[in-house]
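K.L.:
The structure that follows is given in the form of structure tokens.
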Amino acid sequence: MLELRDYQSAAIDAVYDYWSQKKGDHPLVIAPTGAGKSLIIAQLIRDACSYPGTKILCLTHVSELLQQNAQELLGHYPEADIGFYSASIGQKRIDKQITFAGIQSVWQRAFDFVPAPDLVLVDEAHLIPKNSETRYGKFLADLHVANPKVKIIGLTATPYRLDSGLLHEGDGAIFDGVAYDIEVSMLMDRGYLSPVVAPRRKGLQIDLSNVKKRGGEYVESDLAIAASDPELVRATVADICDLGKDRKSWLIFASGIGHSEMLREEFAKHGITAETITGQDSKTDRAQKIVDFKAGHLRCLINVNVLTAGFNAPSTDLVALVRATLSTSLYVQMVG
């Protein structure tokens, strides 16, 4: 069985204290990228399974995260009775004690769970929109009807939304408070996370003067055009190659599909093995590129809005944000 770090145990204890002190039923646990959120989830599930008949639902939006959390649970609790409800995974089961579900697949199926879940864990909880008419809003509201005593735990590195502030504040908030906050500085000080070093560079800068904003963030199509200036791409890649000459595993965040291809072609001119990952890739192609990157066959992996959550590649030793953002949440996810 995997052994929990002291702060992971403290986070779990804080959830139980939150409930015992009747602060609310739906707490948040703030766990920065790299804090071991999957193991916290696994222990919470294992604890809940000690009560016979308890039904547990682990909910998120990305199939890779569902599989990652399930693997962590089985490593920690091999006898766990699990099933998946996810079109991306190709399984829709609700007959197990523990269900790992994708919100896109399950959002209209709350009343299919009989008995209804007693405990719901929402990974990447910052992606729950404020609007109660969304998939998350409808599904969680239906669960409350099916089981008014359901407890919901949200786990996230970033407990805020760009458009509406903190997840546990304001009208319509699903979560009612923060049970525990794991600090990034502590994780760095104790060697669990690498310190972030951002070298100051002089040279070309992206021109954002013609990039419109919508909902507090840059419009992606405008941002992609601004980032795709050929001279800027050449200078950016040259800069990354210079900074990364002693680094072995580069993760790049690009501003669009066309921009990612421009970056890949420019890296090739420098003799750097690179591939792009976008939402247009098949699951097989995406998985193979990630395997190649983790195995060291690719020095550089360029992604477009794909690897911003739940991506686990400890060998990564250079991260380049070749995209602008106004979102603190997105920035923290990419750097993490």
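The values are calculated or read from the model by the stated rules, or taken from the named source; none is laboratory data. Note that this is a predicted model, so its numbers are computed, not measured. Don't worry about glycine lacking a Cβ; one is built from the backbone with ideal geometry, like all the others, and counts go over all protein chains shown. Protein only, heavy atoms only, side chains kept; ligands, DNA and RNA dropped before computing areas. Shrake-Rupley method; radii C 1.70, N 1.55, O 1.52, S 1.80 Å.
K.L.:
Rounded to the nearest whole Å², what accessible area per residue is found for the range 10-71 with the 1.4 Å probe?
P.N.:
37
K.L.:
Hey, another quick one. Given that compact globular proteins tend to follow 2.2 N^0.38 Å, what is the ratio of the alpha-carbon Rg of the range 229-284 to that value?
P.N.:
Scaled against compact globular proteins, the figure is 1.14.
K.L.:
Test of understanding: extend the Cα→C-beta vector of residue 118 to 7 Å, then name every residue of the range 67-97 with backbone N under 14 Å from that spot.
P.N.:
Those under the cut-off are 97.
K.L.:
Moving to a separate point now. Mean-square fluctuation check for the chain, GNM, Cα pairs under 10 Å: which of 260, 228, 50 is largest?
P.N.:
Answer for the Gaussian network model of the chain: 50.
K.L.:
Tell me, what is the 1.4 Å probe accessible area of residue 107, in Å² to the nearest 10?
P.N.:
Number for this one is 60 Å².
K.L.:
Sequence-distant or interchain residues sharing an amide H contact under 5 Å with residue 124, placed H: which?
P.N.:
155
K.L.:
Send over a whole-number figure in Å² for the accessible area per residue of the range 254-336, probe 1.4 Å.
P.N.:
Roughly 47 Å² per residue, with all protein chains present.
K.L.:
Given a 10 angstrom Cα cut-off, can you work out which residue in 222, 181, 189 is the most mobile in a GNM of the chain?
P.N.:
Between 222, 181, 189, it is 189 that shows the largest mean-square fluctuation.
K.L.:
Right, next: Taking a cut-off of 29 Å, what percent of all Cα-Cα pairs in the range 169-321 are separated by more than that?
P.N.:
Details: 3378 of 11628 pairs.
Pairs farther apart than 29 Å: 29 percent.
K.L.:
Another question, if that's okay. At 1.4 Å probe size, with the rest of the protein present, what percent of the exposed accessible area of the chain is carbon and sulfur atoms? Numbers along the way, then the final one.
P.N.:
Working: 8230 of 16650 Å².
The C+S portion of the solvent-accessible surface of the chain is 49 percent.
K.L.:
Quick one: of 22/151; 212/269; 96/151; 23/96; 96/294; 96/149, which pairs are farther than 22 Å apart, Cα to Cα?
P.N.:
Beyond 22 Å between Cα atoms: 212/269; 23/96; 96/294.
K.L.:
Which percent of Cα-Cα pairs in the range 15-89 sits in each 10 Å bin, short to long?
P.N.:
16, 47, 32, 4
K.L.:
Quote to one decimal, in nm, the extra length available between residue 20 and residue 104 on full extension: 0.36 nm per residue of separation minus the C-alpha distance between them.
P.N.:
Contour length minus the Cα-Cα distance gives 26.9 nm.
K.L.:
Between the alpha-carbon centers of the range 216-290 and the range 14-78, tell me the distance in whole angstrom.
P.N.:
With the range 216-290 and the range 14-78 each reduced to a Cα centre, they are spaced 34 Å.
K.L.:
Related question: With θ set to phi - 60° and the Karplus curve 6.51 cos²θ - 1.76 cosθ + 1.60, what are the ³J(HN,Hα) couplings of the range 15-29 in order, to the nearest whole Hz, using x for Gly and Pro?
P.N.:
So the Karplus estimates, Gly and Pro as x, are 4, 5, 5, 4, 6, 5, 8, 6, 6, x, 9, 10, x, 9, 10 Hz.
K.L.:
Let's test this: bin the Cα-Cα distances of the range 1-140 at 10 Å from zero up to the farthest pair and state each bin's percent.
P.N.:
Result returned by the calculation: 11, 43, 38, 8, 0.
K.L.:
Return the single residue from 62, 211, 184 with maximal mean-square fluctuation; model: Gaussian network over the chain, springs between Cα atoms under 10 Å.
P.N.:
With Cα springs under 10 Å in the chain, the top fluctuation among 62, 211, 184 is at 211.
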